[in-house]
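Asks: Sharing a structure with you now.
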Amino acid sequence: MKKAILLPAMILLALAMQAQTNYKVIKVNGSIQYVRTGSQMTLGDVFTEDEALSFGTPNSRAAVINPEKGRFIITPQSASQLSGARSNFLPAISNLSTRGGFLNSMNDIVNQFSGPLVILYEASWSLNPYQFPMDENRYFYLLLRYKGKTIKKKLLCNDNNLVFSRKDILTIDGQPVSTFDSPAASLYYAAQNGPMFVSSFELVFPDMKTLRSEAAIILEELSSQDYNRKVNEISGYLFEFYGKPDKKDVMLFVEKDFGLKK
């Protein structure tokens, strides 16, 4: 009799475990702890959707993914409920327009270069050649801070495409640097009648080793999806956790680092 009762119970338990939705962690901002074990959430962890979590601050959040349900951002239920309560699973951005296209006016350029801008390898934007001609004497440049000094960095151009090259920007006096004092950057246009201020924004260069690990999880969990879905998911993830990406730069990243081509 005991065996007859125990067997259905084990089957029900197995079915319940199979019915649970598991999520894999891509990235954690701040501190998130598993209430059950007391351990910190970290990249690569797998947990169920009903796992009780403790958030270190109201701003703590994590990017997670499930092959069937997609990518989500988990946050506290509220600023006053940081521990034990059911977490928010907010749908992540997966269909993001990541290129400014043809930047025709100053307003277009200011809108593009605002907020955090992420550079992986090389991003470029096509500018109106009549409004913003680019040659040896007319060009765009950045002002950045390095070791307490202001650095002027002339930006590359190619057929009136404004180019942000990670390798070129992170080179000072012929020597590569890993980072600047802060992500704060100011964009100027050197015109015939003198320099013209364009905008201030944050220039973000992710640690590529870390980003590869994060992107690898997204690509692994979405291995059955097509190329466009994978690029869109990585672009959306970058936008939410790093800054505005350029789609061609994302495509270059997945090709160089993961061998993915359209």
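Each value in this text was obtained by applying a stated rule to the coordinates, not by laboratory testing. Keep in mind that this is a model prediction, so the values were computed, not measured. Every residue, glycine among them, receives a Cβ derived from its backbone with ideal geometry; neighbour counts consider all protein chains shown.
Asks: Restricting to segment 241-250, name every residue that is crowded, with 18+ Cβ neighbours inside 10 Å and of a type outside the set (G, A, S).
Replies: Result: F241, Y242, K244, P245, D246, D249, V250.
Asks: A follow-up question, please. Mind checking which pairs have a first residue in segment 162-183 that is in a loop (DSSP other than H, G, I, E, B) and a second that is among the polar types (S, T, N, Q), Cβ under 8 Å, 6 or more apart or different chains?
Replies: Cβ pairs passing all conditions: L170/S178; L170/T179; V177/T171.
Asks: Also, I was wondering about something else. Does D226 fit the bill of being more than 12 Å from the chain's Cα centre (by Cα) and closer than 26 Å to D168 by Cα?
Replies: For D226, the condition - more than 12 Å from the chain's Cα centre (by Cα) and closer than 26 Å to D168 by Cα - is not met.
Asks: Every residue in segment 46-59 that is buried (at least 18 other Cβ atoms within 10 Å of the Cβ) and in a loop (DSSP other than H, G, I, E, B), please.
Replies: E51
Asks: Taking L203, is it touching a residue at least 60 places away in the same chain (Cβ under 8 Å), of a type in the set (A, V, I, L, M, F, W, C), under 30 Å from P129 (Cα atoms) and surrounded by 17 or more Cβ atoms within 10 Å (Cβ to Cβ)?
Replies: So L203 fits the description; yes.
Asks: Now for a different question. Which condition does Y121 not pass, out of (1) surrounded by 15 or more Cβ atoms within 10 Å (Cβ to Cβ); (2) of a type in the set (F, W, Y); (3) under 20 Å from N104 (Cβ atoms), if it passes all the others?
Replies: (3)
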